[in-house]
Structure formats: C-alpha cells, structure tokens
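Encoded as structure tokens, the structure appears first; notes follow it.
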Amino acid sequence: MKLFHFVFISIIFIAVILLSNETFAQQQDPYLPFAEVMPQPVGGIGSIYKNITYPEMARKAGIEGKVYALIYINENGGVDDVKILKGLGAGCDEAAIAGIKAVKFIPGKNKGVPVKVKLSLAITFKIQQ
C-alpha cells in the first residue's frame, strides 16, 4: 500500500512539473497566436507567389501539393522566421520559405497597436501545363 501511495504521489508530482513547464514556455513566446487584425502580405497573397520559383527537381518529378508554413511576423511587418509544418520536399519547402521571406507584411494589431504574431499559411505548388 505504501508503494502504491509513493508511485501515485510521484506521478502527480511529475505531471505538475510537466504542466508548469508547458505553461512557462507558452508565457515566454512573444508571438501571439492571433490578433484583432491579423498580418497580411503587402500586395496580397499574390506577392508571395510572385517571389516563388517552382523548383526544377519538383517540376521534373511531377510533385504538386501544399507546403504548410508557420510565419513569425514582428511588429514592423518583417518576417523573423518561417517554420515548415508540413512540406513537399524536392525544393518546394525552401522555395516557399524564400518567397515568404521576400515579402513585407502589414503587421498584426491589437487595439490599434502593432504586435508580434504567428501566422499559418498554405502555399500551393501546381505545375502549369
């Protein structure tokens, strides 16, 4: 019975530590998951596509689909980082990152004040016939 109590208390203790670490990590992220006014690319989404060159390796292999990216946009509308959530490979992920980083964004705002925001975006790669 004492062993059961020890194991039970140990599990509770570990769970509390893990949950408090997650909460602490979330508080440290300066990028908001959303804002009252979300960031938008200057010139619209088309401005990102204008900066993307279809990778030759993907074209030759007939690779089409979507690259899902998480974009970290600062309060000035600059792109601080881009992380690929789900990629296609064959150079498409890198092309998407380059196209996104080449564009300036209208910053996200809360109560009229520019804020850092995380924005998810899907970039479609389709071979034109």
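Observations
- Neighbour net charge for Lys126 - beta-carbon separation under 13 angstrom, K R +1, D E -1: +1
- Think of region 57-111 as a dipole: +1 on every Lys or Arg Cβ, -1 on every Asp or Glu Cβ, centred on the Cα centre; then among Ala98, Ile63, Val82, Ile63 lies furthest on the positive end.
- Charge tally for Ala95 (other residues, Cβ to Cβ under 12 Å; Lys, Arg +1; Asp, Glu -1): -1.
- Cα→Cβ-extended label distance, 7 Å offset, between Tyr49 and Ser120, nm: 2.2
FYI, it's all coordinate maths here, none of it is from the lab. Owing to the predicted nature of the structure, the values given are computational and were not obtained by experimental measurement. Virtual Cβ from ideal backbone geometry, glycine too; neighbours counted across all protein chains shown.
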